[in-house]
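Inspection log for the structure reproduced underneath, given as structure tokens.
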Amino acid sequence: MDSFYRPRWSPDKVRSMDMLIKLYDLPAAEAGGEAADMLFRKPLAPEHSLIIEWIASEFSQGWASEAQVALSNRPISMFVALQGGHLAGFCCYDATARGFVGPIGVAPEARGEGIGAALLRACLRDMRAAGYAYAVAGAVGAPEFFRRVAGATEIEGSAPGIYRGMLKR
């Protein structure tokens, strides 16, 4: 499975470490692996509320809150994947904190098609173009995905990291 997905994420479930990604040394993209009928782009303003609602229903309110920040940034710091005019996935950066990448999620029916990898690479390329040398993936739930796609390495002693002391419901 190539998508990073933690259903109903909550800070209480954070047990994983942060990971560091060298943006100046990203692995080459694998040939193929992306759905041919997929469109990857930044969202348009009239789509924002639909995207936030979709993320809240498919993933979590916490991820929807982070996505809302990414959509409010200028330039927008989110990419979406559209298949047949419908959302298939999303990836944000500079949402939780400046220099962080994530959250990233792919719809269950669209997993295994390279969508998560393409979304992550799009965000990392955008961060590199903006002048970042490194990105941090926070509280990674799928470390092998980040190692394979982005050459990420674990940051020792980073759990729970920035998510420590978050408000709870």
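Worth a mention:
- Debye intensity ratio I(q)/I(0), log10, region 125-169, q values 0.14, 0.16, 0.26 Å⁻¹ (C-alpha model): -0.45, -0.57, -1.02
- Projected label distance in nm at residue 125 and residue 166, using a 7 Å step from Cα toward the beta-carbon: 2.9
- Computed from label points 7 Å out along Cα-Cβ, the spacing between residue 98 and residue 148 is 3.4 nm.
- Length released on extending from residue 156 to residue 47, taking residue separation times 0.36 nm less the Cα-Cα span: 35.4 nm
- Of the chymotrypsin sites (Phe, Trp or Tyr not before Pro) found in region 61-169, not one falls in a DSSP loop while having at most 11 other beta-carbon atoms within 10 Å.
- Magnitude of the charge dipole, the chain, Cβ model with Lys/Arg +1 and Asp/Glu -1, debye to 20: 480
- Fraction of the pair-distance distribution of region 12-169 above 28 Å, Cα-Cα pairs, percent: 15
- A convex hull fitted around the alpha carbon atoms of region 78-169 yields 120 Å³ per residue.
- Gain in span if fully extended, residue 86 to residue 133, counting 0.36 nm per residue against the direct Cα distance: 13.6 nm
Bear in mind these aren't lab numbers, they're just calculated from the coordinates by the rules spelled out. Note that this is a predicted model, so its numbers are computed, not measured. Every residue, glycine as well, gets a Cβ built from its backbone with ideal geometry; the counts of neighbours run over all protein chains shown.
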